[in-house]
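What follows is a short report on a single structure.
The values are calculated or read from the model by the stated rules, or taken from the named source; none is laboratory data. All of these numbers come straight from a predicted model, not from anything done at the bench. Glycine gets a Cβ as well: all are built from the backbone with ideal geometry, and neighbour counts include every protein chain shown. What goes into the accessible areas is simple: the full protein's heavy atoms, side chains included, and nothing from ligands, DNA or RNA. Shrake-Rupley method; radii C 1.70, N 1.55, O 1.52, S 1.80 Å.
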Amino acid sequence: MNPFWNIIRRILRRIAAGLGWIVTLITAYAAFAIALLLPSHGLVIELHQGHRSISNAKRVAVFAHFDRRGKVHEYVHYYLRALRLTGFDIVFVTSSPILESRALERLLPVCAAVLRRKNRGYDFGAYKDGLSLIGDLAALDELILANDSTYGPLQDLSGVVARCDASASVWGITDSWEKRYHLQSYFLLFKHEALIAPCMSEFWKAVRYVQSKEWVITKYEVGLTQSMLRGGLRCAPLNPYRSATAALADAVLGAALLDRKDLPIRHLEYVSDIFYAVERGRPLNSMHHFWDHLIIKMKCPFIKRDLLARNPARVPYVYRWENAIRQVSSYDTNLIVQHIQSSLRNRAV
């Protein structure tokens with residue numbers, strides 16, 4: 001193709017990307033403005049007290065859930081039992097339009113409270129409403145924020161939590177450098193030092209129920225870690241992004257993968273794209289691009305639902321997910337199979 005037209009195509013792509021970013025930004029700020037106008041009270045539809053009391057709890061997990069049909073799938077029940085066995089009292093917050101009566105019956109013996117709320121503010125809106133039930137966070141020793149966007153835990157959760165020691169005030173499973181550095185919010189553990197810090201209460205006081213995913217990611221998921229860092233708190237991942245990328249680079253260079261002629265072209269193209277992204281410092285989502293290394297080599301306790309449901313980054317060989325899990329975990333993969341059988345459309349994994 002004529003080099004001139006290559007230049008034109010690149011310019012047009014950049015213009016399109018810029019216009020898309022502007023539209024996204026305008027939409028996000030419009031959603032925030034609407035959130036300021038709408039009342040923030042009255043979001044809780046129903047509250048059920050569980051068989052346990054949260055009043056004297058020292059370790060609490062706020063778990064955010066959504067299912068448009070009001071189901072609580074078996075993989076979620078497994079996750080909740082693991083949290084309970086680890087010693088955390090659970091505030092279960094669902095933004096589902098309904099909650100099946102059978103689901104509620106199964107939740108109450110495990111959870112300290114089950115809260116159903118209007119679906120506003122994504123997970124951070126749910127987290128905020130769950131935290132409001134706890135009251136004084138400074139009275140807790142540890143707090144977990146978790147949601148149903150992952151399958152797991154694939155490893156013993158007590159062992160995972162034990163690794164979250166006093167060397168950091170806020171722990172995540174994985175971290176990300178997209179937008180700005182942050183711990184990914186599908187699982188966060190706050191130590192007492194973080195719970196008594198002014199930056200913690202200030203952050204949650206400022207959270208609004210914004211109906212823009214872009215805003216929630218940028219201002220709340222990324223913003224939470226950045227607020228903690230500005231407050232002088234150390235934030236650390238159990239499975240660092242930098243460790244995963246270093247392992248990738250070592251594997252590519254050590255085995256001269258980019259020079260291999262016996263590998264499928266698609267595989268080589270993918271490895272090349274990822275390697276050069278890492279080399280140039282372009283951040284990637286490790287839970288997608290390095291999912292198998294995280295599970296097999298780093299013993300990451302979770303795999304993302306979205307990876308199996310949509311695979312937005314078009315990562316190859318995701319169909320091997322079950323074999324990867326079985327190599328290192330006794331987790332019942334049928335819990336995942338049951339969920340994807342009932343939820344996926346026009347996709348096989």
Nearest-ten-degree value, helix 241-254 long axis tilted from longest Cα axis of the chain: 30 degrees
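Calculate the dipole size of the chain relative to its Cα centre from +1 charges on Lys and Arg beta carbons and -1 charges on Asp and Glu beta carbons; express the result in debye to the nearest 20.
Working: 45 positive and 30 negative charges, 186 e Å.
It comes to approximately 900 debye.
Among 158-164, 240-246, how do they line up by average Cβ neighbours within 10 Å per residue, starting with the highest? Mind dumping the intermediate values first?
Values: 158-164: 15.4, 240-246: 18.0.
Those peptides, ordered most packed to least, come out 240-246, 158-164.
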Placed amide H near Thr150: partners under 5 Å, 5+ positions off or other chain: Arg305
Vicinal HN-Hα couplings computed from phi for the range 226-237 (Karplus, 6.51 cos²θ - 1.76 cosθ + 1.60; Hz; Gly/Pro x): 5, 5, 5, 5, 5, x, x, 9, 8, 10, 9, x
Set of lysines near Lys261 by C-alpha distance (under 29 Å), chain-local residues within fewer than 8 positions excluded: Lys297
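Give the relative contact order (percent, whole number) for the chain; include only Cα pairs under 8 Å separated by 6+ residues.
Details: 532 pairs, mean separation 61.2, N = 349.
About 18 percent, as a whole number.
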Surface per residue (accessible, 1.4 Å probe) for the chain, Å²: 51 Å²
Sulfur and carbon atoms: percent of accessible area, the chain [1.4 Å]: 54 percent
Residue-by-residue Karplus 3J(HN,Hα) for the range 110-119, coefficients 6.51, -1.76, 1.60, Hz, glycine and proline x: 9, 9, 7, 7, 10, 10, 10, 9, 5, 7
Whole-Hz couplings from phi, Karplus 6.51/-1.76/1.60, listed for the range 126-139; x for Gly and Pro: 5, 4, 4, 5, x, 5, 5, 6, 6, x, 7, 5, 5, 7
Cα long-axis angle, helix 3-37 against the chain (0 to 90 degrees, to the nearest 10): 10 degrees
Filtered chymotrypsin sites (Phe, Trp or Tyr not before Pro), the range 253-349: DSSP coil and at most 16 other beta carbons within 10 Å: Tyr317
Amide proton proximity set for Arg234, modelled H, under 5 Å, gap of 5+: Ser169, Val170
Size descriptor, Kirkwood hydrodynamic radius, that averages inverse alpha-carbon separations across the range 153-298, Å: 17.1 Å
Of Lys128/Lys179; Lys213/Lys304; Lys128/Lys191; Lys58/Lys118; Lys128/Lys213; Lys118/Lys179, pairs whose Cα-Cα distance is over 20 Å: Lys128/Lys179; Lys58/Lys118; Lys118/Lys179
The chain, helix-only ellipticity at 222 nm - DSSP H runs n ≥ 4, -39,500 (n - 2.57), divided by all residues, nearest 500: -13500 deg cm²/dmol
Trypsin sites (Lys or Arg not before Pro) lying in DSSP loop within the range 317-349, provided at most 14 other Cβ fall within 10 Å: Arg345, Arg347
Distant-in-sequence amide H partners of Asn311 (H built 1.01 Å from N, under 5 Å): none
Long-range Cα-Cα pairs in the chain (distance over 24 Å), rounded percent: 61 percent
Trypsin sites (Lys or Arg not before Pro) lying in DSSP loop within the range 89-137, provided at most 14 other Cβ fall within 10 Å: Lys118
C-alpha long axis of helix 74-85 to longest principal axis of the chain, angle in °: 60 degrees
